[in-house]
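Data first, discussion second: the structure below is written as structure tokens.
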Amino acid sequence: MNGPEIHVEFAPELLVFVPQARATGSLRTVTDGFSALGHVVESLGVPLTEVGTLLVDGREAPTGHVPAAGESVTVRPHAHPQRVPGAPLRFLLDVHLGTLARRLRLLGVDTAYESTDIGDPALAARSAAEKRVMLSRDRGLLRRRELWAGAFVYSTRPEEQLAYVLDRFEPELRPWTRCTACNGLLRAAGKEDVADQLKEGTHRTYDVFAQCADCGRAYWKGAHHEQLEAIVERAVASRADRGL
């Protein structure tokens, strides 16, 4: 590019996207003189899904602002909780976030998940069609214009991923109400309703069951229940600590 030079400063949490700015937290860049500020910021590495506010010389500016020579730009992240207007809060996760998807569903959060790689265009189209917030670690996917909304998942550790999503969006929690396999709603079921899914020991030992209204999968408090209960308790306790 051969146009106006601007100074861009990034909030510390956004520097993961801009390695060239990590030493000082800022950089100087030359623009082409006609591209919008949102495009300039994305070209530097920050998906617009992660941009909460843009300041130009200390004043809030839209992503469509065309930078002029000598302007000083500050890029800030979204305030937490981030509100996503226009639809009930629900999520879509890509193929790499299966554990996070199951944990969100465990907490009763409406979470669609693609267990196979259907490609970025299809994911973006589903996000738009179903008005779901796209959660991903794929920066290219999060730059697609078709997305309804999106968010970068910063950590690779499922427990940290879950804590981050809950803090950033504060979805309503309704633990034990969704199928962790397909996201369908659970309903109470009698032993006779799910008998064909039970091994002899399970049939003899357990009497309380739930079943997915969509896929029919049976649930009961089995060997892994304590681990799942711990995930739920941590999430609920964290929400209570914030007074929610």
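The values are calculated or read from the model by the stated rules, or taken from the named source; none is laboratory data. These numbers were taken from a predicted model, which means no experiment stands behind them. Don't worry about glycine lacking a Cβ; one is built from the backbone with ideal geometry, like all the others, and counts go over all protein chains shown. Just the protein is used for accessible areas: all its heavy atoms, side chains included, with ligands, DNA and RNA removed. Shrake-Rupley method; radii C 1.70, N 1.55, O 1.52, S 1.80 Å.
Below are the figures for this structure:
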{"item": "Residue 53 long-range amide H proximity, modeled H, under 5 Å", "result": "76"}
{"item": "Listed residues 113, 101, 223: farthest to the positive end of the dipole of the chain (Cβ charges)", "result": "223"}
{"item": "Area of residue 115 that stays accessible when all protein chains are in place (1.4 Å probe, Å², to 10)", "result": "80"}
{"item": "Per-residue ³J(HN,Hα) for region 98-103, Karplus 6.51 cos²θ - 1.76 cosθ + 1.60, θ = phi - 60°, Hz, x for Gly and Pro", "result": "x, 5, 4, 4, 5, 6"}
{"item": "Longest DSSP-loop-exposure-free segment, GluC sites (Glu not before Pro), the chain, at most 16 other Cβ within 10 Å", "result": "1-145"}
{"item": "Accessible-area composition of the chain, carbon plus sulfur, in percent [1.4 Å probe]", "result": "50"}
{"item": "Alpha-carbon centroids, region 161-201 and region 3-63: separation in whole Å", "result": "41"}
{"item": "Neighbourhood net charge (11 Å Cβ-Cβ; Lys/Arg +1, Asp/Glu -1) for residue 43", "result": "-1"}
{"item": "Neighbourhood charge, 12 Å Cβ-Cβ cut-off, centred on residue 88 and excluding it, Lys, Arg +1 and Asp, Glu -1", "result": "0"}
{"item": "Cα-based Kirkwood hydrodynamic radius, region 101-172, one decimal, Å", "result": "12.7"}
{"item": "Amide proton proximity set for residue 65, modelled H, under 5 Å, gap of 5+", "result": "37, 38"}
{"item": "Calculated FRET efficiency for the pair residue 129/residue 205, C-beta based, R₀ 41 Å, to 0.05", "result": "0.40"}
{"item": "Phi to ³J(HN,Hα) by Karplus 6.51 cos²θ - 1.76 cosθ + 1.60 over region 114-131, Hz, x for Gly, Pro", "result": "9, 7, 10, 7, 8, x, 4, x, 5, 5, 5, 5, 5, 4, 6, 5, 9, 6"}
{"item": "Computed E for residue 69/residue 117 - FRET, C-beta separation, R0 41 angstrom, nearest 0.05", "result": "0.40"}
{"item": "Heavy-atom accessible area order for 44, 141, largest first, 1.4 Å probe", "result": "44, 141"}
{"item": "Heavy-atom surface of the chain, accessible at 1.4 Å and reported per residue (Å²)", "result": "52"}
{"item": "Equivalent ellipsoid, region 22-121 (semi-axes from 5 times Cα gyration tensor eigenvalues, Å)", "result": "34, 16, 13"}
{"item": "Largest to smallest accessible area among 29, 111, 156 [probe 1.4 Å]", "result": "156, 29, 111"}
{"item": "Per-residue SASA entry for residue 220, accessible area with 1.4 Å probe, Å² rounded to 10", "result": "90"}
{"item": "Descending semi-axes in Å of region 140-221, equivalent ellipsoid built from Cα gyration tensor", "result": "35, 14, 12"}
{"item": "Counting DSSP beta bridges with both ends in the chain, the antiparallel % (nearest 5)", "result": "60"}
{"item": "Net length gained if the chain between residue 145 and residue 32 were fully extended (0.36 nm per residue, minus Cα distance)", "result": "38.6 nm"}
{"item": "At R0 = 25 Å, FRET efficiency that the Cβ-Cβ distance of residue 20 and residue 167 yields, to 0.05", "result": "0.30"}
{"item": "Linear extension gain, residue 154 paired with residue 83, 0.36 nm per residue minus alpha-carbon span", "result": "23.7 nm"}
